[in-house]
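Presented below is the structure to which this report refers.
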Amino acid sequence: MLAFPSTYSIGITSLGYQIVWATLAQRSDVDVRRLFTDQGDPLPRHCDLFGLSLSWELDGPVLPELLQNQRIPIWAVERGDNDPIVFGGGPVLTANPEPLAPFFDAVLLGDGELLLPAFIDALQACRDAPRPERLRQLARVPGVYVPSLYAPRYDGDGSLLAVEPIESGVPALVEKQTWRGNTLSHSTVVTPEAAWPDIHMVEVVRSCPELCRFCLASYLTLPFRTPSLDDGLIPAVEKGLQATKRLGLLGASVTQHPQFSDLLQWLDHDRFEGTRVSVSSVRAATVTPELGRILAKRGSRSLTIAIESGSERMRDVVNKKLTTEAIHAAASHAKQGGLKGLKLYGMVGLPTETDDDVDATAQLLLTLKKGTPGLRFTLGVSTFVPKAQTPFQWQGVRPEADKRLKRLTKALKPKGIEFRPESYGWSVIQALLSRSDRRLAPVIAAVGDRRESLGGWKTTYRAALNGELDSAPGPALPPPPPWAEVVEEVWEASRILPWTHLRGPLAPEKLREHHDQALALAG
């Protein structure tokens with residue numbers, strides 16, 4: 001059973017979920033069924049495996065409900081030999097699985113291309129063994145983290161000291177696995193019921209070479225990888241266009257593929273007449289009139305670029321490597337190529353940000369609108385959320401971000417700029433899930449339907465602090481830290497992080513070096 005913690009239309013649009021499902025479905029020794037919050041395939045008589053693909057923090061708390069609905073004990077330690085092995089993967093779990101760790105038997109850290117087959121092979125080799133022995137065998141597979149074989153250790157004040165193996169033969173450090181082949185992923189399902197209907201998605205790049213200091217999509221997936229044009233991208237596109245006329249080119253920075261201009265020229269051929277091509281976020285400095293022309297010719301109406309801030313000082317702090325002139329040039333080139341709109345994404349609440357920096361964002365949009373008449377501008381802004389395995393993991397959510405979203409609304413809405421602020425409350429919950437340890441699991445189990453509101457989370461967390469929640473089964477843990485310590489506080493470099501036993505692409509020392517370099521540029 002492979003679950004996705006949202007509806008079918010959302011889940012089937014996830015390329016990661018599609019690839020995991022297809023990888024399992026192609027095996028003759030696996031019968032895989034799909035499950036979403038609103039529908040699913042017919043259930044098997046007996047389920048050996050229950051998997052969850054998790055790409056967004058706010059989807060994680062759905063897991064206990066999914067397990068209960070399948071009559072699977074929600075706590076891993078309460079499952080017996082006849083219960084399925086519950087496993088998960090995806091960027092959220094690779095970065096910091098600890099808040100959800102007590103619900104999982106195994107977590108797959110990293111790229112699934114090699115990791116998933118190795119996981120299934122290991123499980124098949126010991127499928128008749130008692131459950132504890134199966135888990136021990138899984139823990140020996142590189143990149144497979146078995147939470148029940150590790151225990152957190154705290155001091156008398158409740159500060160985390162370490163997360164350590166409880167048995168010999170279990171690795172002290174579990175390392176994220178990286179796929180290094182010359183092909184990346186593409187859609188295996190095209191359906192009109194997807195959130196992006198009838199679209200064939202092709203992964204053009206994985207990771208991003210720019211290393212913005214807050215960015216999980218960049219740091220967690222290093223190194224930057226680009227598939228071969230002739231052996232990877234073109235065959236993937238050709239395969240999809242047999243089923244649909246809609247093509248989506250995906251990646252954190254698709255235009256930085258070294259052969260992207262060649263791919264564009266290929267898509268410019270007359271044989272692709274009637275094909276609609278869209279691209280995910282592109283780097284502003286790579287926008288050219290030719291890019292705009294071909295995308296407009298192929299049905300795109302707008303481009304999306306991430307600017308992070310209208311303040312050059314803030315862009316320097318986060319390592320954006322983007323000038324104001326390049327942003328203006330991107331707008332000009334988009335219009336020149338025939339596109340109708342430009343979508344920009346930014347943040348508020350970044351470390352060292354001031355009201356002046358926020359005002360610079362508003363001013364940039366107004367200047368763009370005045371300097372590029374006829375181009376429609378949309379600005380989406382979220383609140384900075386510290387993400388595990390990034391240089392800004394030591395920073396916190398800044399409460400003044402809420403007021404700064406309102407400040408931008410006041411400056412831009414009356415001027416004809418479409419402004420789309422992301423909920424400050426959702427960002428706070430993301431930070432709680434991103435930076436917590438296993439002591440959050442009872443809160444997740446208890447919050448239930450109240451997970452839809454910040455107030456529900458705060459009430460349930462307060463109950464945990466007061467000892468009013470049922471504890472997770474197993475060794476007793478101290479109460480969680482105060483809410484503000486997890487969500488808002490800037491952590492010292494010496495603090496033991498909840499994911500200290502898990503290793504992403506860069507060591508903590510290198511991440512801290514990047515953190516300190518960023519703050520040194522703050523001026």
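Numbers at a glance
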quantity: Hits in the range 309-343 - residues which are touching a strand residue (DSSP E or B) at 6+ places or on another chain (Cβ under 9 Å), among the hydrophobic types (A, V, I, L, M, F, W, C) and over 21 Å from Leu375 (Cβ atoms); calculated: Met314, Val318
quantity: Of residues in the range 286-333 being in a loop (DSSP other than H, G, I, E, B) and farther than 23 Å from Ser261 by Cα, the one most open to solvent (accessible area, probe 1.4 Å); calculated: Asn319
quantity: Of all residues in the range 128-147 being of a type outside the set (D, E, K, R) and closer than 17 Å to Pro102 by Cα, the one that is surrounded by the fewest Cβ atoms within 10 Å (Cβ to Cβ); calculated: Pro132
quantity: Ala236 vs. criteria open to solvent by less than 20 Å² (accessible area, probe 1.4 Å) and closer than 30 Å to Gly143 by Cα; calculated: yes
quantity: Verdict on Glu203 being within 30 Å of His514 (Cβ to Cβ), surrounded by 22 or more Cβ atoms within 10 Å (Cβ to Cβ) and not polar (S, T, N, Q); calculated: yes
quantity: Subset of the range 23-39 [in contact (Cβ under 8 Å) with a residue 24 or more places away in the chain and not basic (Lys, Arg)]; calculated: Thr23, Leu24, Asp29, Val30, Val32, Leu35, Phe36, Thr37, Asp38, Gln39
quantity: Lys370 basic (Lys, Arg), free of Cβ contacts under 8 Å to residues at least 24 places away in the same chain and open to solvent by 60 Å² or more (accessible area, probe 1.4 Å); calculated: yes
quantity: Filtered residue count, the range 403-437, keeping only those that are open to solvent by less than 30 Å² (accessible area, probe 1.4 Å), in contact (Cβ under 8 Å) with a residue 40 or more places away in the chain and either polar (S, T, N, Q) or part of a helix (DSSP H, G or I) (or both); calculated: 14
quantity: Qualifying residues in the range 52-103 (those that are farther than 21 Å from Gly40 by Cα and among the aromatic types (Phe, Trp, Tyr)) - the one nearest to the chain's Cα centre (by Cα); calculated: Phe103
quantity: Qualifying residues in the range 77-96 (those that are open to solvent by 30 Å² or more (accessible area, probe 1.4 Å) and part of a helix (DSSP H, G or I)) - the one nearest to Ile19 (Cα to Cα); calculated: Pro91
quantity: All positions within the range 444-472 that are open to solvent by less than 20 Å² (accessible area, probe 1.4 Å) and more than 22 Å from the chain's Cα centre (by Cα); calculated: Val447, Gly456, Thr460, Tyr461, Ala463, Ala464
quantity: Test: residue in the range 209-221 that is open to solvent by 60 Å² or more (accessible area, probe 1.4 Å), over 24 Å from Leu295 (Cα atoms), at pLDDT 95 or above and within 26 Å of the chain's Cα centre (by Cα); calculated: no
quantity: Qualifying residue in the range 176-184 (condition: within 29 Å of Asp105 (Cα to Cα), modelled with pLDDT of 95 or more, surrounded by fewer than 22 Cβ atoms within 10 Å (Cβ to Cβ) and not hydroxyl-bearing (Ser, Thr, Tyr)); calculated: yes
quantity: Close pairs from the range 305-333: first in contact (Cβ under 8 Å) with a residue 40 or more places away in the chain, partner small (Gly, Ala, Ser) and open to solvent by 50 Å² or more (accessible area, probe 1.4 Å), Cβ under 6 Å, at least 6 apart; calculated: Ala326/Ala285
quantity: Test: residue in the range 58-76 that is in a helix (DSSP H, G or I), in contact (Cβ under 8 Å) with a residue 60 or more places away in the chain, open to solvent by 40 Å² or more (accessible area, probe 1.4 Å) and touching a helix residue (DSSP H, G or I) at 6+ places or on another chain (Cβ under 9 Å); calculated: yes
quantity: Filter pass, Leu350 being buried (at least 18 other Cβ atoms within 10 Å of the Cβ) and within 25 Å of Leu264 (Cα to Cα); calculated: no
quantity: Complete set of residues in the range 473-523 that are open to solvent by less than 20 Å² (accessible area, probe 1.4 Å), among the aliphatic types (A, V, I, L, M) and assigned to a loop (DSSP other than H, G, I, E, B); calculated: Leu497, Ala522
quantity: Cβ-Cβ under 8 Å pairs, at least 6 apart or on other chains, the range 449-471 side within 16 Å of Pro99 (Cα to Cα), far side in a loop (DSSP other than H, G, I, E, B) and open to solvent by 30 Å² or more (accessible area, probe 1.4 Å); calculated: Thr460/Leu469; Ala464/Pro479; Leu465/Pro479; Leu465/Pro482; Ser471/Leu477
quantity: Number of the exception - Thr191 against (1) of a type in the set (S, T, N, Q); (2) in a loop (DSSP other than H, G, I, E, B); (3) open to solvent by 30 Å² or more (accessible area, probe 1.4 Å); calculated: (3)
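The values are calculated or read from the model by the stated rules, or taken from the named source; none is laboratory data. None of the values given here were measured: they were computed from a predicted structure. Positions of Cβ are generated from backbone atoms using ideal geometry, with glycine treated the same way; all protein chains shown enter the neighbour counts. Note: accessible area is taken over every heavy atom of the protein model, side chains too, but ligands, DNA and RNA are not part of it. Shrake-Rupley method; radii C 1.70, N 1.55, O 1.52, S 1.80 Å.
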